[in-house]
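Engineer: My questions will all concern the structure given below.
Where a number appears in this text, it was derived from the coordinates with a stated rule and is not lab data. Keep in mind that this is a model prediction, so the values were computed, not measured. Quick reminder, even Gly has a Cβ in these numbers, built from the backbone with ideal geometry, and neighbours come from all protein chains shown.
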Amino acid sequence: MTPSSRAPLQALARRITDAGCNLADARVATIGTDTSLTLLATGAWDAVAKLETALTKLGRDEELRLVHYRTGPREREQDSHRLPYLIEVISADRPGILVKIVDFFDRHDISVEQLSSMRYQAMQTGAAMFQAQFTIGIPAETHIAALRDDFLEFCDGLNLDAIMDPVKF
């Protein structure tokens, strides 16, 4: 994380390229006054080692909090048995909404692959609003229509406006 006025995407992307690696995936988010980056670099073992050295040097910058480590590939077997769906939820903001939604997913063995949520003021009324967008993985053996009915009933009970659609690539 770093102050948003000095987002390090360019510096990190350049070091990845200079080390001989490829930027395979990138996520950037500004929350409050900070910018957070999650980057996945790939490359030959020697290029990755060179990148690690460059990142250690860059991490000494006092305005930059840098964590880097090696990760492995996702297990495709597990992913191939999950169906990707997009969930969007909007409601009046109140404490605990996100926890209740995540709990619903957890009880149905649904993985949260991506999540973006925020609180904002409604333009017309000034009411505090909550908005969340999830990309989830539903086990392939799950009956989708029954799950959709359960989820929408769950949302109705909490007075949440929600949609559930398959991810279209």
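Engineer: Roughly speaking, what is the stretch gain from Ile144 to Ile90, that is 0.36 nm per residue apart minus the C-alpha to C-alpha distance, in nm to one decimal?
Structural biologist: Values: separation 54, 0.36 × 54 = 19.44 nm, distance 2.16 nm.
17.3 nm is the gain from fully extending Ile144 to Ile90.
Engineer: Now for a separate question. Do any GluC sites (Glu not before Pro) in segment 72-152 lie in a loop, going by DSSP, with at most 11 other beta-carbon atoms within 10 Å of their beta carbon, and if so which?
Structural biologist: Details: sites: Glu75, Glu77, Glu88, Glu113, Glu141; in loops: Glu75, Glu141.
Here the GluC sites (Glu not before Pro) that fit, given the DSSP loop and packing criteria, are Glu75, Glu141.
Engineer: Compute the acute angle (0 to 90°) between the alpha-carbon long axis of helix 9-18 and the principal axis of greatest extent of the alpha-carbon atoms of the chain; round to the nearest 10°.
Structural biologist: In the chain, helix 9-18 runs at an angle near 50 degrees to the longest axis.
Engineer: Given points 7 Å out from each Cα along the Cα-Cβ axis, report the Leu83 to His108 separation in nanometres with one decimal.
Structural biologist: Between Leu83 and His108, the simple spin-label model gives 1.1 nm.
Engineer: Using Stokes-Einstein with the Kirkwood hydrodynamic radius over Cα pairs, what translational diffusion coefficient do you get for segment 69-127 at 20 °C and a viscosity of 1.002 mPa s, in µm²/s rounded to a whole number? Let's see the in-between values first.
Structural biologist: Values: Rh = 14.6 Å.
Answer, rounded: 147 µm²/s.
Engineer: Just how large is the dipole of the chain about the Cα centre, in debye to the nearest 20, putting +1 at every Lys and Arg Cβ and -1 at every Asp and Glu Cβ? Mind showing how you got there, number by number?
Structural biologist: Working: 18 positive and 24 negative charges, 160 e Å.
With Lys and Arg at +1 and Asp and Glu at -1, about 780 debye.
Engineer: Something else now. Given 0.36 nm per residue, what is the gain on full extension from Val99 to Met118 after removing their alpha carbon distance, in nm?
Structural biologist: Details: separation 19, 0.36 × 19 = 6.84 nm, distance 1.37 nm.
That pair, Val99 and Met118, stretches by 5.5 nm at full extension.
Engineer: Still on this structure, I have one more. Can you give the convex hull volume per residue for the Cα atoms of segment 26-100, as a whole number of Å³? Can you show the working numbers first?
Structural biologist: Working: hull volume 12.2 nm³, N = 75.
Once divided by residue count, the hull of segment 26-100 is 163 Å³.
Engineer: Need one number for the chain: average projected area of the convex hull over its C-alpha atoms, nm².
Structural biologist: Mean projected area for the chain: 12.7 nm², to one decimal.
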